[in-house]
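Let me begin by presenting the structure, written as C-alpha cells, before commenting on it.
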Amino acid sequence: QVQLVESGGGLVQAGGSLTLSCAASGSIFSINTMGWYRQAPGKQRELAATFTRGGNTIYADSVKGRFTISRDVAKNTVYLQMNSLKPEDTAVYYCNAAIRTPTGTRVLDYWGQGTQVTVSS
C-alpha cells in the first residue's frame, strides 16, 4: 500500500508565501513522476507543477516564476514553494505520484488527500 501525505496549506494574504510538502510512503519500488495539482471551486483539477520521469520540471503558465517545485529523492518527498501568491491561487492542492510497487507490474497513479490553500486579497 502506498500513501501520499501532504502538509503546509493554510491562509495567507496576497503577496505572501507558503510551502507545501508531500511524502510518499509504503511499498514503493520506484517513483516515475511526482508533483502537484490544484482544484479551485467550480473548476477542473489542473497541473500546478511536477517532476517528470527524467527529473525535469513542468509548470503551469499561471505559476511560472512564482512557484518552485523541489524534491528529496531519498525521502520520497516533493515540495512546492509558492511565492507572490494571488487570490486566484486559492484551491485545494493535491499531491500526485506515479509509483511502481515491488510486486506490481504496472505503474499506478496515487493521490494525496489534498490541502487547502486560501489567498486573501
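The values are calculated or read from the model by the stated rules, or taken from the named source; none is laboratory data. As the structure is a computational prediction, the values presented were derived from the model and not from experiment. In this analysis, Cβ positions are derived from the backbone assuming ideal geometry, glycine residues included, and neighbour counts consider all displayed protein chains. Keep in mind that these areas ignore ligands, DNA and RNA; they rest on the heavy atoms of the full protein, side chains included. Shrake-Rupley method; radii C 1.70, N 1.55, O 1.52, S 1.80 Å.
Can you work out the base-10 log of I(q)/I(0) for region 17-89 at q = 0.16, 0.20, 0.21, 0.28 1/Å, using the Debye formula on its C-alpha atoms alone?
At q = 0.16, 0.20, 0.21, 0.28 Å⁻¹ the computed log10 ratios are -0.59, -0.87, -0.95, -1.41.
Can you grab the distance from the C-alpha centre of region 86-102 to the C-alpha centre of region 51-74, Å, no decimals?
If you average the Cα positions of each part, the centres end up 12 Å apart.
Applying a 10 Å radius around every beta-carbon, put 71-81, 41-51 in order of their mean neighbour count, most first.
Per-residue mean Cβ counts within 10 Å order the peptides as 71-81, 41-51.
Using a 1.4 Å probe over the heavy atoms of the protein chains, calculate the carbon and sulfur portion of the accessible area of the chain as a whole percent.
Whole-percent figure for carbon plus sulfur exposure: 48.
Using packing as a proxy for protection, rank 2-8, 61-67, 89-95 so that the peptide with the highest average count of other Cβ atoms within 10 Å comes first.
89-95, 2-8, 61-67
Let me check against my output: what whole-number percent is the relative contact order of the chain, with C-alpha pairs under 8 Å and at least 6 apart?
RCO, the chain: 36 percent.
For every other residue with a beta carbon closer than 14 angstrom to the beta carbon of LYS86, add +1 if it is Lys or Arg and -1 if Asp or Glu, then tell me the sum.
0
Please report, in whole Å, how far the alpha carbons of region 71-114 spread along each principal axis, starting with the longest.
43, 21, 13
Among residues other than TYR110 whose Cβ falls under 14 Å from its Cβ, what is the net charge (Lys/Arg +1, Asp/Glu -1)?
Residues close to TYR110 contribute a combined charge of 0.
Restricting to the chain, compute how many DSSP beta bridges are antiparallel as a %, nearest 5.
Antiparallel: roughly 90 percent of the beta bridges in the chain.
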